[in-house]
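To start, the structure under review is shown below, and the notes come after it.
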Amino acid sequence: MKKIVFMGTSDFAINILKGLIENYDVVGVVTQPDKKIGRKQILTPTPVKVVAEKYNIQVLQPENIKKDYQEIINLKPDIIITCAYGQIIPKTLLDYPSYGCINVHASLLPKLRGGAPIHKAIIEGYHKTGITIMYMDEKMDNGDIISQAETEIDDEDNLETLHDRLSLIGRDLLLKTLPSIFERTNKRVKQDEKEITYAYNITREEEHIDFSKTSREVFNQVRGLNPTPGAYCLLDDEILKVYNTTISTIKTSENKDIGEIVNVDKNSLAIKTGDGIILITEIKPFGKKKMLVKDYLNGIKKEDLIGKILK
């Protein structure tokens, strides 16, 4: 049986790793070093490490894989498979396995190259996305495409639902594709450079809601950042995280300010946007837990909120 080294870090990679373990000989797992998490700064293993240790698979955690890759070569992998790993892999390692290095990427390449393709697919209003299995080269998400699978993005999707669905699609597509790679009958399609777009990691600036944008753009931004890191605005100069919204068909007069709370009902805050009204239905006020707006409004007079500006 072919020997596989798997390289991954985040939750997204878990289903892919489990699928490989159940069907192939995974001789080693490479993941990012443990990190200190939370207020208590507890040293925490990556999700992929937790799974690997459960199955008694050797785990390697190089700080800098460009320098510390010899232990991976010592495992003599026939193929290296990566998914949401988080470091650039050096050419020496890319060139070692006889069946190459392949990557499971959460977009339909060449669209959305980079570290946040699921977030950006929703934020930028894509109607579909998918998984690409590709050969790796020295450039980011640049290699030849082996196979792809699509999924629709609908208005009920957020980052969490699309993330979980794509993870399963990635697992199934990889298991379907690997036999052709080992038989050397797989396709290799070069990416069309004219179609390239990028999905770089989310910045703090991109988390901030600009209500001068259209209601659809705000709606997509909130969904694309839910549950993490969460979109936010400022209410009375304090951070207000926003997790769920609905686009309203209600019309509002032109004299309302952008970001103004124009109405409050039992379930939502109605906010003026660049082209209409958006209803905020789930939030996390500063210093409090995530809650529905209807719970937030308990003990708050509606009149005290109407007219305030979300910045």
*Can you name the residue in segment 186-229 that is more than 21 Å from the chain's Cα centre (by Cα) and β-branched (Val, Ile, Thr) and, of all such residues, is nearest to residue 141 (Cα to Cα)?*
189
*Residue list for segment 39-59, restricted to those being part of a helix (DSSP H, G or I), touching a strand residue (DSSP E or B) at 6+ places or on another chain (Cβ under 9 Å) and of a type outside the set (Lys, Arg)*: 47, 48, 51, 52, 53
_Unmet criterion (only one of (1) without any contact (Cβ under 8 Å) to a residue 40 or more places away in the chain; (2) assigned to a strand (DSSP E or B); (3) under 25 Å from residue 117 (Cβ atoms)) for residue 36_ = (3)
*Which residues, counting only those in segment 77-95, are assigned to a loop (DSSP other than H, G, I, E, B), touching a strand residue (DSSP E or B) at 6+ places or on another chain (Cβ under 9 Å) and surrounded by 13 or more Cβ atoms within 10 Å (Cβ to Cβ)?*
77, 78, 84, 85, 86, 87, 89
*Among the residues of segment 250-262, is any within 19 Å of residue 224 (Cβ to Cβ) and in contact (Cβ under 8 Å) with a residue 12 or more places away in the chain?*
no
*Considering only segment 1-30, state which residues are assigned to a strand (DSSP E or B) and surrounded by fewer than 19 Cβ atoms within 10 Å (Cβ to Cβ).*
3, 25, 27
_Checking residue 78 against (1) of a type in the set (Asp, Glu); (2) farther than 18 Å from residue 135 by Cα; (3) at pLDDT 95 or above, only one condition comes out false. Which one?_
(2)
*Mind counting the residues in segment 128-161 that are touching a strand residue (DSSP E or B) at 6+ places or on another chain (Cβ under 7 Å) and either more than 30 Å from residue 98 (Cα to Cα) or in a strand (DSSP E or B) (or both)?*
17
*Could you tell me whether residue 267 is part of a loop (DSSP other than H, G, I, E, B), at pLDDT below 95 and either over 22 Å from residue 225 (Cα atoms) or not assigned by TED's automatic domain parsing to the domain that holds residue 230 (or both)?*
no
_Restricting to segment 288-311, and then to whatever is touching a residue at least 40 places away in the same chain (Cβ under 8 Å) and under 15 Å from residue 242 (Cα atoms), can you tell me which residue is surrounded by the most Cβ atoms within 10 Å (Cβ to Cβ)?_
310
*asked:* One residue is enough: does segment 37-48 have a residue meeting the conditions at pLDDT 95 or above and loosely packed, with under 14 Cβ neighbours inside 10 Å?
replied: no
_Among the listed residues 228, 246, identify the single one that is assigned to a loop (DSSP other than H, G, I, E, B) and touching a residue at least 12 places away in the same chain (Cβ under 8 Å)._
228
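The values are calculated or read from the model by the stated rules, or taken from the named source; none is laboratory data. Predicted model only: the values in this text are computed from it and were never measured. In this analysis, Cβ positions are derived from the backbone assuming ideal geometry, glycine residues included, and neighbour counts consider all displayed protein chains.
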